[in-house]
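A short write-up of the structure that comes next.
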Amino acid sequence: MSTIIKTDHFTLRPFTPEDALTLSVRINTKSIDEYTTIELPWSIEFSSWWINFIAEQLQKDPLPEIHWVIEVDGELAGAIGIINIEEHKGEMGYWLEERFWSKGLMTEVVARVTDFGLKNLKLKRIFAPVLPFNKGSMRVLEKNNYALEGVLKNHFNKKGRLWDAHMYAVTAS
(Lines give C-alpha, C1' and ligand atoms only; values in the text may rest on other atoms or scores of the structure.)
Protein backbone atom coordinates (compact mmCIF):
# COMPACT_ATOMS: atom_id res chain seq x y z
CA MET A 1 0.00 0.00 0.00
CA SER A 2 1.62 3.18 -1.17
CA THR A 3 -0.40 6.32 -0.59
CA ILE A 4 0.22 9.99 -1.38
CA ILE A 5 -1.66 12.65 0.58
CA LYS A 6 -1.53 16.21 -0.82
CA THR A 7 -2.67 19.46 0.75
CA ASP A 8 -1.98 23.12 0.02
CA HIS A 9 0.79 23.10 2.67
CA PHE A 10 2.54 19.75 2.28
CA THR A 11 2.66 16.39 0.54
CA LEU A 12 2.93 13.09 2.35
CA ARG A 13 4.62 10.58 0.06
CA PRO A 14 6.50 7.31 0.33
CA PHE A 15 10.25 7.39 0.81
CA THR A 16 12.39 6.69 -2.25
CA PRO A 17 16.03 5.55 -2.43
CA GLU A 18 16.90 9.08 -3.57
CA ASP A 19 15.85 10.39 -0.13
CA ALA A 20 18.74 8.69 1.69
CA LEU A 21 21.22 11.57 1.60
CA THR A 22 18.68 14.26 2.46
CA LEU A 23 17.20 12.09 5.20
CA SER A 24 20.58 11.53 6.82
CA VAL A 25 21.27 15.28 6.80
CA ARG A 26 17.83 16.44 8.00
CA ILE A 27 17.38 13.89 10.78
CA ASN A 28 20.84 14.36 12.33
CA THR A 29 20.07 17.53 14.25
CA LYS A 30 20.25 18.54 17.89
CA SER A 31 16.48 19.13 18.06
CA ILE A 32 15.60 15.69 16.65
CA ASP A 33 18.11 14.10 19.00
CA GLU A 34 16.74 16.03 21.97
CA TYR A 35 12.98 15.67 21.45
CA THR A 36 12.58 12.20 19.94
CA THR A 37 13.64 8.67 20.75
CA ILE A 38 15.25 8.21 17.33
CA GLU A 39 18.73 6.74 17.76
CA LEU A 40 21.17 9.13 16.09
CA PRO A 41 23.41 9.56 14.20
CA TRP A 42 22.01 8.14 10.95
CA SER A 43 24.55 7.54 8.21
CA ILE A 44 23.63 7.60 4.53
CA GLU A 45 24.06 3.83 4.57
CA PHE A 46 21.65 3.44 7.49
CA SER A 47 19.17 5.79 5.81
CA SER A 48 19.34 3.64 2.65
CA TRP A 49 18.85 0.47 4.67
CA TRP A 50 15.88 2.00 6.51
CA ILE A 51 14.22 3.20 3.29
CA ASN A 52 14.55 -0.31 1.85
CA PHE A 53 13.20 -1.82 5.07
CA ILE A 54 10.07 0.35 5.08
CA ALA A 55 9.49 -0.35 1.38
CA GLU A 56 9.55 -4.07 2.21
CA GLN A 57 7.00 -3.53 4.98
CA LEU A 58 4.55 -2.06 2.44
CA GLN A 59 4.56 -5.41 0.61
CA LYS A 60 3.45 -7.42 3.63
CA ASP A 61 -0.07 -8.53 4.44
CA PRO A 62 -1.13 -7.66 7.02
CA LEU A 63 0.63 -4.31 6.88
CA PRO A 64 3.00 -3.97 9.89
CA GLU A 65 3.86 -0.28 9.39
CA ILE A 66 3.59 2.61 6.96
CA HIS A 67 5.75 5.75 6.65
CA TRP A 68 5.64 9.00 4.74
CA VAL A 69 8.04 11.80 3.90
CA ILE A 70 6.63 15.16 4.96
CA GLU A 71 7.49 17.28 1.94
CA VAL A 72 7.18 21.07 2.02
CA ASP A 73 7.83 23.07 -1.16
CA GLY A 74 9.45 19.99 -2.71
CA GLU A 75 11.82 19.43 0.25
CA LEU A 76 11.97 16.61 2.78
CA ALA A 77 11.01 18.39 6.02
CA GLY A 78 10.28 15.43 8.27
CA ALA A 79 8.60 12.05 8.46
CA ILE A 80 5.58 10.40 10.01
CA GLY A 81 4.48 6.83 10.30
CA ILE A 82 2.22 4.33 11.95
CA ILE A 83 4.23 1.39 13.25
CA ASN A 84 3.58 -1.72 15.30
CA ILE A 85 0.25 -2.21 13.54
CA GLU A 86 -1.44 -5.17 15.18
CA GLU A 87 -5.05 -6.09 14.59
CA HIS A 88 -6.99 -2.94 15.54
CA LYS A 89 -4.21 -0.62 16.76
CA GLY A 90 -1.02 1.13 15.71
CA GLU A 91 1.61 3.51 17.10
CA MET A 92 2.21 6.92 15.55
CA GLY A 93 5.64 8.54 15.47
CA TYR A 94 6.96 11.61 13.70
CA TRP A 95 9.66 14.24 13.50
CA LEU A 96 9.89 17.62 11.79
CA GLU A 97 12.77 19.92 11.08
CA GLU A 98 12.90 22.71 13.64
CA ARG A 99 12.50 25.45 11.02
CA PHE A 100 8.91 24.20 10.47
CA TRP A 101 7.92 24.12 14.14
CA SER A 102 5.13 26.33 15.55
CA LYS A 103 3.46 26.85 12.16
CA GLY A 104 0.60 24.38 12.52
CA LEU A 105 2.16 22.06 9.96
CA MET A 106 2.56 19.00 12.18
CA THR A 107 -0.95 19.45 13.59
CA GLU A 108 -2.35 19.16 10.05
CA VAL A 109 0.00 16.27 9.15
CA VAL A 110 -1.08 14.30 12.24
CA ALA A 111 -4.74 15.01 11.40
CA ARG A 112 -4.32 13.57 7.90
CA VAL A 113 -2.40 10.49 9.03
CA THR A 114 -4.81 9.85 11.90
CA ASP A 115 -7.71 10.03 9.45
CA PHE A 116 -5.88 7.67 7.09
CA GLY A 117 -5.19 5.19 9.90
CA LEU A 118 -8.75 5.16 11.17
CA LYS A 119 -10.47 5.09 7.77
CA ASN A 120 -8.11 3.34 5.36
CA LEU A 121 -6.29 1.01 7.73
CA LYS A 122 -9.48 0.46 9.75
CA LEU A 123 -7.62 1.00 13.02
CA LYS A 124 -9.72 1.47 16.13
CA ARG A 125 -6.88 2.94 18.21
CA ILE A 126 -3.80 4.98 17.36
CA PHE A 127 -1.44 5.72 20.21
CA ALA A 128 1.63 7.94 20.53
CA PRO A 129 4.10 7.80 23.42
CA VAL A 130 5.81 11.16 24.00
CA LEU A 131 8.87 12.13 26.02
CA PRO A 132 7.81 14.15 29.10
CA PHE A 133 9.51 17.37 28.02
CA ASN A 134 8.20 17.38 24.43
CA LYS A 135 5.35 19.80 25.10
CA GLY A 136 5.04 20.73 21.41
CA SER A 137 4.29 17.16 20.42
CA MET A 138 1.81 16.80 23.27
CA ARG A 139 -0.01 19.90 22.03
CA VAL A 140 -0.09 18.60 18.43
CA LEU A 141 -1.74 15.40 19.64
CA GLU A 142 -4.19 17.24 21.90
CA LYS A 143 -5.26 19.45 18.98
CA ASN A 144 -6.07 16.24 17.12
CA ASN A 145 -8.27 14.89 19.91
CA TYR A 146 -5.69 12.48 21.28
CA ALA A 147 -6.25 12.03 25.00
CA LEU A 148 -3.54 11.61 27.61
CA GLU A 149 -4.21 8.12 28.97
CA GLY A 150 -1.43 8.04 31.50
CA VAL A 151 2.29 8.05 32.10
CA LEU A 152 4.36 4.91 31.58
CA LYS A 153 7.25 5.02 34.01
CA ASN A 154 10.74 4.32 32.63
CA HIS A 155 9.30 3.46 29.23
CA PHE A 156 12.05 4.87 26.99
CA ASN A 157 15.76 4.09 27.21
CA LYS A 158 17.43 7.04 25.53
CA LYS A 159 21.20 6.99 25.55
CA GLY A 160 21.33 4.92 28.71
CA ARG A 161 18.84 7.05 30.64
CA LEU A 162 15.28 5.96 31.37
CA TRP A 163 12.45 8.37 30.58
CA ASP A 164 8.74 8.25 31.20
CA ALA A 165 6.32 8.20 28.26
CA HIS A 166 3.18 10.30 28.21
CA MET A 167 0.79 7.97 26.40
CA TYR A 168 -1.67 9.68 24.09
CA ALA A 169 -4.31 7.89 22.04
CA VAL A 170 -7.28 8.44 19.82
CA THR A 171 -9.97 5.84 19.20
CA ALA A 172 -12.50 5.35 16.45
CA SER A 173 -15.99 6.39 17.42
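The values are calculated or read from the model by the stated rules, or taken from the named source; none is laboratory data. Since the model is a prediction, treat every value here as computed from it, not as a measurement. Here Cβ is always computed from backbone atoms with ideal geometry, including for glycine, and neighbour counts include all displayed protein chains.
General observations
- Candidates in region 104-115 are the residues that are crowded, with 18+ Cβ neighbours inside 10 Å and among the hydrophobic types (A, V, I, L, M, F, W, C); of these, the one that is farthest from Val140 (Cα to Cα) is Val113.
- Matching residues in region 101-143 - criterion: being in a loop (DSSP other than H, G, I, E, B), basic (Lys, Arg) and within 23 Å of Pro14 (Cβ to Cβ): Lys122
- Condition broken by Thr37, with the remaining ones in (1) touching a Leu at 6+ places or on another chain (Cβ under 8 Å); (2) modelled with pLDDT of 95 or more; (3) under 19 Å from Tyr146 (Cβ atoms); (4) of a type in the set (Val, Ile, Thr) satisfied: (2)
- Sole exception among (1) under 21 Å from Val140 (Cα atoms); (2) out of contact with any helix residue (DSSP H, G or I) (no Cβ under 8 Å at 6 or more places or on another chain); (3) part of a loop (DSSP other than H, G, I, E, B) for Ile38, by number: (2)
- The condition of being under 29 Å from Pro62 (Cα atoms) and surrounded by fewer than 17 Cβ atoms within 10 Å (Cβ to Cβ) does not hold for Lys158.
- Check on Thr16, more than 15 Å from the chain's Cα centre (by Cα), exposed (fewer than 14 other Cβ atoms within 10 Å of the Cβ) and within 16 Å of His67 (Cβ to Cβ): yes
- Top-ranked residue of region 119-169 - restricted to ones that are touching a residue at least 40 places away in the same chain (Cβ under 8 Å) and touching a Lys or Arg at 6+ places or on another chain (Cβ under 8 Å), ranked as farthest from His88 (Cα to Cα): Leu131
- Filtering region 1-32 to residues that are in contact with a Lys or Arg (Cβ under 9 Å, 6 or more places away or on another chain) and of a type in the set (D, E, K, R) leaves Lys6, Arg13.
- Restricting the first member to region 63-76 and to residues that are free of Cβ contacts under 8 Å to residues at least 24 places away in the same chain and at negative phi, and the second to residues that are of a type in the set (A, V, I, L, M, F, W, C) and assigned to a strand (DSSP E or B), the beta-carbon pairs closer than 8 Å and six or more apart or on different chains are Pro64/Ile83; Pro64/Ile85.
- Tally of residues being within 15 Å of Ile66 (Cα to Cα) and of a type in the set (A, V, I, L, M, F, W, C) across region 100-127: 9
- Single residue of region 57-103 satisfying the filter (over 13 Å from the mean Cα position of the chain (by Cα) and of a type in the set (Phe, Trp, Tyr)) that is nearest to Gly136 (Cα to Cα): Trp101
- Some residue of region 13-35 being part of a strand (DSSP E or B) and touching a Phe, Trp or Tyr at 6+ places or on another chain (Cβ under 9 Å): yes
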